[in-house]
Amino acid sequence: MTGGVATSGCMSRPDRRWNHNTHYYPLVLAAVSPGCQRVLDVGCGEGMLARRLVHRGRQVVGIDQDAASIEAARRQDPDGQIEFVCGDFLTYPFPPASFGLVSCVAVLHHMDAAAALARMGQLLAPGGSVVIVGLARSGLLDLPWDAAAVIANLGHRVAKGYWQHPSPTEWPPAHTYRQIRVLAGETLPDARYRRHLLWRYSLVWVRPAA
């Protein structure tokens, strides 16, 4: 894939690497509210999304269990603008209600989904948002989505190339799209579920202010 890796927290040029995950970063960035001061990026990998979030003027913490990914993230943030933590999101002692935004892109299927959703809700400050972009298994009803995704994917790859991220992968996901929708509704009531074209779904949940 063409396009360089960022060499500092303040990139001199945009990082235009593309794949099915980075395609949906704008969905996360759009959820950063004016009052949000602190962001947690769960499963941050080598830190691309975290770097984009810090450019919004927020304090950003990225956490990932993969030591090689955290090392790569820190190398690309030599000014130390982002706090990168190597640890288990489910057990790391973050204070409750300490983040205005919790993001999680292509990571939920690596964890116990119910426990992870509950933990994200606990860490979110009142009025804050959880934004998840995830992967799930397709069922028969998903076949039209998958067929359309194949065509869209080809067009994007021709125009942008494809960046194969270096982070560990997990396949197949434990849950189907339908199961994720049900689980989210049980764990984070009123979470907004949306199916997206490139083999992804999104969940957005806002913690009540009161």
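Taking a ≥ b ≥ c as the square roots of the eigenvalues of the alpha carbon gyration tensor, segment 80-126 is oblate, as a/c is not under 1.5 and a/b does not beat b/c. Remark on GLY127: its backbone amide H falls under 5 Å from those of ARG207, ALA209, a criterion applied only to residues 5 or more positions apart or on other chains, H modelled at 1.01 Å from N.
Which residue, chosen from TYR92, GLY185, ILE151, occupies the Cα position most advanced towards the positive end of the dipole of the chain, where the dipole is computed from +1 (Lys, Arg) and -1 (Asp, Glu) charges on Cβ about the Cα centre? Positive-most Cα among the choices belongs to ILE151.
Within the accessible area of the chain, what % is carbon and sulfur when the probe is 1.4 Å and the other protein chains stay in place? That share works out to 55 percent.
Between the amide H of TRP163 and those of TRP18, ASN19, distances stay under 5 Å, these residues lying 5 or more places away or on another chain, with hydrogens modeled in the peptide plane. Working from label points 7 Å from Cα in the Cα-to-Cβ sense, the ARG38 to THR176 distance is 4.0 nm. About its Cα centre, segment 156-210 has a charge dipole of approximately 280 debye under the convention of +1 per Lys or Arg Cβ and -1 per Asp or Glu Cβ, with nothing else charged. Over segment 14-84, the Kirkwood radius and the radius of gyration, each from Cα atoms, give a ratio Rg/Rh of 0.94. Between ASP112 and LEU29, full extension at 0.36 nm per residue minus the direct alpha carbon distance yields a gain of 27.4 nm.
Once the 1.4 Å probe is applied to the protein heavy atoms, segment 111-152 comes out at 42 Å² accessible per residue.
Residues of segment 26-46 with an amide N closer than 15 Å to a point placed 7 Å from the Cα of GLU71 along the Cα-to-Cβ direction: 46. When the Cα gyration tensor is reduced to axis lengths a ≥ b ≥ c, the ratio a/c is 1.5 or higher for segment 141-195, and with a/b above b/c it is classed as prolate. Measuring only protein heavy atoms, the 1.4 Å probe finds ARG74 accessible over about 120 Å². Counted residue by residue at 0.36 nm each, then reduced by the alpha carbon distance between them, the extension gain from ILE151 to THR169 reaches 4.1 nm. Could you check how many percent of all C-alpha pairs in the chain are farther apart than 22 Å? So the pairs more than 22 Å apart make up 48 percent of the total in the chain. Computed from point charges on the beta carbon alone (+1 for Lys and Arg, -1 for Asp and Glu), the dipole magnitude for the chain about its Cα centre is near 700 Debye.
Residues SER167, SER33 ordered from highest to lowest accessible area at a 1.4 Å probe: SER33, SER167. To check you understand DSSP bridge types, tell me what percent of the beta bridges within the chain (both residues inside) are antiparallel, rounded to 5. Counting DSSP beta bridges with both partners in the chain, the antiparallel share is about 35 percent.
The values are calculated or read from the model by the stated rules, or taken from the named source; none is laboratory data. Being a predicted model, the structure only gives us computed values, none of them experimental. Cβ sites come from the backbone with ideal geometry, for glycine too, and all protein chains shown count toward neighbours. Surface areas here come from the heavy atoms of the whole protein model, side chains and all, with no ligands, DNA or RNA. Shrake-Rupley method; radii C 1.70, N 1.55, O 1.52, S 1.80 Å.
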